[in-house]
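> Dropping the structure in here first, questions after.
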Amino acid sequence: MSGPTSAPDKMAVVAPNLQSTPTTLATHAPHVEDEDMSEDDKPLARKTHRLAKKRITGDSSSEDDKPLAKKPRVSNGAANKKRRVVDSDSDESDAGPSVKKEPEPTPKSNGAKPRSSTFKKPSPPSESDSDLSEDDKPLARKVNGNGNSKATKKATSSDSESLSEESSSEDEKPLAKKKAPPAKPRQSTASTKSTPAASKKKVKAEPKSESEDDDVPLAKGKTKVTSSAKDKKPVVKREKKVKEEEDEEEKYKWWEQEALGDGEVKWTTFEHNAVLFPPPYVPLPKNVKMKYDGVALTLPPESEEVAGFFGAMIETDHAADAKFRENFFKDFKAILEKYPPKESVKVKSLDKCDFKPMFEHFEREKEKKKAMTRDEKKAIKEAKDKLEAPYLFCTVDGRKEKVGNFRAEPPGLFRGRGEHPKKGTLKHRLRPEDIIINIGKDAKEPIPNIPGKWKGVQHDNTVTWLAHWKENVNGNAKYVFLSAGSSWKGQSDRAKFEKARELIKHVDKIRKDYTEDLKSKVMADRQRATALYFIDRLALRAGNEKGEDEADTVGCCSLRYEHVTLQPPNTVSFDFLGKDSMRFHQDVQVDAQVFKNIKLFKAEAKKKGDDLFDRLTTTLLNKHLNSMMPGLTAKVFRTYNASWTFQKQLKNTPKNGTVAEKIAAYNTANREVAILCNHQKSVSKTYESSKGKHEDKIRALKYQRMKLRLQLFSLNPKLKKKQPELAEDESDLDDEFCERHEAELLEKALDNAQKKFEKDNVKLEEEGEKKKDKSELNERLKEIKDEFKELKKERKSKKVEPRRAATEEKLLEQIGKMDERIATAKVQLGDREKLKDVALGTSKINYIDPRITVTWAKKYDVPLEKLFSKTLREKFPWAEAEADKSWVF
DNA sequence: GTAACTACTTAGAAGCACATTA
DNA sequence: TAATGTGCTTCTAAGTAGTTAC
């Protein structure tokens, strides 16, 4: 668990976007009841009472009195208990702006991730922006930065002035828009309409008629024809090349074909083997038993399996979690009722259960597995591969496609995130009777690998799933789909990015409109505009309604009263748990009108637990967005802003830098996007110790530097004055460290001498020569010890005699090199610190248009494999094919 | 109009394999 | 060679958003 991190560097992208000019805003502190407010404009909370009453009476005649789409969340249950803890430090006694309080980090026990980013002052624009022309900046970045954005200035200068004039100005248009780059190979998917099956058939008219089965190794077949004893090696190479070429040909380049429309039909023929069920439970050895109150229990396999699920987790955080334990124990007791222990012991308390014997058994098994020989491991792997082979691929319209999650989820304990009320609940073992499969009409119905019959077999060619079931914990649907690298996923991925690019053409108008609507007399419109402002500027998720039996997390539309607090003149503090219970904690400077609106939405009768946007739902918001641009939804803004930010940040790449430097710039850009999207990861448990080691390494370098420096001063004492920077003590290099370091060095030197002695003797023995006497070793060890005594003296006197052949010139050169090494190590340490809780992968996989990466790699001559892993390259072949050096998002 | 259902994308954790270090 | 660290892959939870039923 980590504490809140220092905000400024984390927020390089997000925060500058929203900072306005506080000085100008101060004179325009909004009032809850301003004169330009119509009846509709009045604080909603005052109306909600009326509305609630009307809803009960069924009167919904006026616009305002229509039933609210969302039910106010009833505050109860465990989720609210947690909320109360959070609230305790962010509570507001009234709806008005409060004196800024530094929100405390939510403890992990509350389900919140630790990272928080707090902004108090406008920070300068991120370094990375320095070489961007103002014209080049997307609105999201320009609104504030140093607080001088035109839009902000205007907004703050007068409430009555519309912000829209500014936001629609030409210089706020994204660069790409001005350049208007066409989607290179073909028109956008959204606008194309064709019969998918037909177009696919065009693509693969005669799909693999001869070598239909990719399972037949191509090389093998060829070998028979071409190989001869004489030229075996070249042939093997040639065959490999041929195979690669053929594989290349085999690949379905869907991006070269006509785009598929949003048509219903996804396939004509569809063959697969559905899911692979895990092996049945194997009971533990007879001597491995859980204990209850000190008594070993002999459990039937059914209950032993469940005990084992918990037993395997006893050293994880889950097992210490009260809710997790409660839910597990409830289910465990139920299964014990049905399958009681032989000893007829009544299990009444989880605290009296001792799963350690089970845990230790699992650990031993892991060790055994680890200790297996290479061949044993290989044999196991081969058996596994053989078992899984039939499930790896399916055939779609004659084409071989990779299946994604073909393994039926094994039974276990539900690992809900955050404060999920069901965490710890037993996930049942799936049987064929639970699973519906979707397959071509003429395809052979797969036989499950365990006894049983499918729950159903359907032939719906408008969907892409192979199998589907309902899990028992939350009643959610689970699906088996094709892999991320499949043509279906690739097509929808590309369509997603094309839609985000399409937004570039509309975003000015949308921003202009919502800026105007921020002042709308119609409250629903004003709320919608404010929500959209946050979605656009803060990359918030839409925020669908959630049920009571889920973790209490929110997105933009579902924000509640307690999730935002106001700090005059224009700061809005967000503190809520988003998807996966990740904490979103930011102080954001907003336009005056937005500040005013939030104050209005929180006014009077509204209280904790009430929706901030009580007249807005994701459906309403998306309907509105769809009217602005076909197919536009809230989530497109995240994709657009992420890709846009990334492309912009990449402009900071050093043109003449090394590949490593360029990659560092790439990763920095990636990090900015990850921060924008609030993608977090938990800090590794070993982080602190690994950081300590790293710091010691740096200190060790400084130690070496010190020795060089002292030698130099012995040679030329004048340098102490001439080059005072050399005389400065290496920071954090205290006596305690030096002593410890020298002791470590001594130990190492002695150890090495010992090893060398032994090694030499082995060699001498092998060569039939006389071994060295032990006295020789002892002498050497004594020498080493004496040398180190010298070090101690040097440390005390702070004087080091120049080593043999040391010259002033050489020493200065060595010090210079040492300085470089220290600087590099420090940068590395800083990078690790910055990335310790930021997850880069999610944005790379889902939000950043891969063509930006491909273009960048080509432009800066960086091998793509250094940026995309194997799986990512498999996921984005279309990007590699489409993007050239000049491609722009 | 709303809740429930459906199909899909997005997400961090956990597990695993490979690289580096001692 | 074993221990440790790191990055990649897999797993599955948790979102979004459209459709359907009432």
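> Just how much of A:Thr619 is accessible, in Å², when a 1.4 Å probe is used and the result is rounded to the nearest 10?
In the full protein context, A:Thr619 sits at about 90 Å².
> Count charges around A:Gly440 for me, please; just the other residues with Cβ under 12 Å from its Cβ, Lys/Arg as +1, Asp/Glu as -1.
Local net charge: -2.
> A follow-up question, please. Roughly speaking, what is the stretch gain from A:Ile380 to A:Asp884, that is 0.36 nm per residue apart minus the C-alpha to C-alpha distance, in nm to one decimal?
Using 0.36 nm per residue and subtracting the Cα-Cα distance, I get 177.0 nm.
> With the other protein chains left in place, how much accessible area per residue, in square angstrom, belongs to the range A:291-374 at a 1.4 angstrom probe?
60 Å²
> While we're on this one: Separation of the range A:816-846 and the range A:657-674 by C-alpha centroid, Å?
A separation of 10 Å, based on Cα centres.
> Pairs of lysines 8 or more apart, or on different chains, with alpha carbons under 14 Å: count those in the range A:291-374, would you?
12
> Taking only C-alpha pairs under 8 Å that are 6+ residues apart, what is the relative contact order of the range A:291-374 in percent?
Computed value for the range A:291-374: 46 percent relative contact order.
> I've got another one for you. Using all C-alpha to C-alpha distances in the range A:566-645, build P(r) with 5 Å bins and read off the rounded percent in each one.
Over the range A:566-645, the share of Cα pairs per 5 Å bin runs 3, 12, 13, 19, 26, 18, 8, 1, 0 percent.
> How much length is gained if the chain between A:Thr686 and A:Lys782 is pulled fully straight, taking 0.36 nm per residue apart and subtracting their Cα-Cα distance, in nm to one decimal?
30.8 nm
> Separate question: Under a Cβ-Cβ cut-off of 12 Å, what is the net charge of the residues other than A:Val827 that fall near it, where Lys and Arg count +1 and Asp and Glu count -1?
0
> A:Lys770: net charge of surrounding residues, Cβ under 15 Å, Lys/Arg +1, Asp/Glu -1, itself excluded?
Surrounding charge for A:Lys770 is -3.
> Right, here's the next one. Report, in listed order, any pair from A:Lys496/A:Lys858; A:Lys422/A:Lys691; A:Lys546/A:Lys635; A:Lys251/A:Lys844; A:Lys378/A:Lys870; A:Lys400/A:Lys496 with a Cα-Cα distance greater than 27 Å.
Table pairs above 27 Å Cα-Cα are A:Lys422/A:Lys691.
> Apply 1/(1 + (r/R0)^6) to the Cβ-Cβ distance of A:Asn846 and A:Lys369, taking R0 = 25 Å, and write down the FRET efficiency to the nearest 0.05.
Between A:Asn846 and A:Lys369 the formula returns 0.15.
> Using a 1.4 angstrom probe and counting only protein chains, how large is the accessible area of A:His272 in Å², to 10?
Answer for A:His272: close to 10 Å² accessible.
> List the trypsin sites (Lys or Arg not before Pro) in the range A:265-371 that DSSP assigns to loop (not H, G, I, E or B) and whose Cβ has at most 14 other Cβ atoms within 10 Å. Which are they?
A:Lys286, A:Lys342, A:Lys346, A:Lys348
> What ³J(HN,Hα) values, in whole Hz, does the Karplus curve 6.51 cos²θ - 1.76 cosθ + 1.60 give for the range A:674-679 when θ = phi - 60°, with x put for Gly and Pro?
4, 5, 4, 8, 6, 8
> If you don't mind, there's one more thing I want to ask. Would you please report the Å³ per residue occupied by the convex hull of the alpha carbon atoms in the range A:713-825?
For the range A:713-825, the hull spanned by Cα atoms encloses 154 Å³ per residue.
> If you count only protein heavy atoms and use a 1.4 Å probe, how large is the accessible surface of A:Thr571, to the nearest 10 Å²?
In the full protein context, A:Thr571 sits at about 10 Å².
> What distance in nm separates the simple spin-label points at A:Arg417 and A:Asp861, each placed 7 Å from Cα in the Cβ direction?
4.2 nm
> When the convex hull of the C-alpha atoms of the range A:592-738 is computed, what volume per residue in Å³ does it have?
306 Å³
> At 7 Å along the Cα-to-beta-carbon direction for both A:Asn544 and A:Glu343, put a label point, then send me their distance in nm to one decimal.
In this crude label model, A:Asn544 to A:Glu343 measures out at 4.7 nm.
> Oh, and also: Do any GluC sites (Glu not before Pro) in the range A:728-803 lie in a DSSP loop with no more than 13 other beta carbon atoms within 10 Å, and if so, which?
A:Glu728, A:Glu767, A:Glu769
> Follow-up. Any chance you could check the Cα centroid distance between the range A:847-870 and the range A:277-304 for me, in angstrom?
51 Å
> Separate question: Any idea what log10 I(q)/I(0) is at q = 0.14, 0.24, 0.27 Å⁻¹ for the range A:291-374, Debye with uniform C-alpha scatterers and no solvent?
-0.49, -1.22, -1.45
The values are calculated or read from the model by the stated rules, or taken from the named source; none is laboratory data. Quantities reported herein were computed from a predicted structural model and do not represent experimental measurements. Virtual Cβ from ideal backbone geometry, glycine too; neighbours counted across all protein chains shown. We work out accessible area using only protein heavy atoms, side chains counted, and drop any ligands, DNA or RNA first. Shrake-Rupley method; radii C 1.70, N 1.55, O 1.52, S 1.80 Å.
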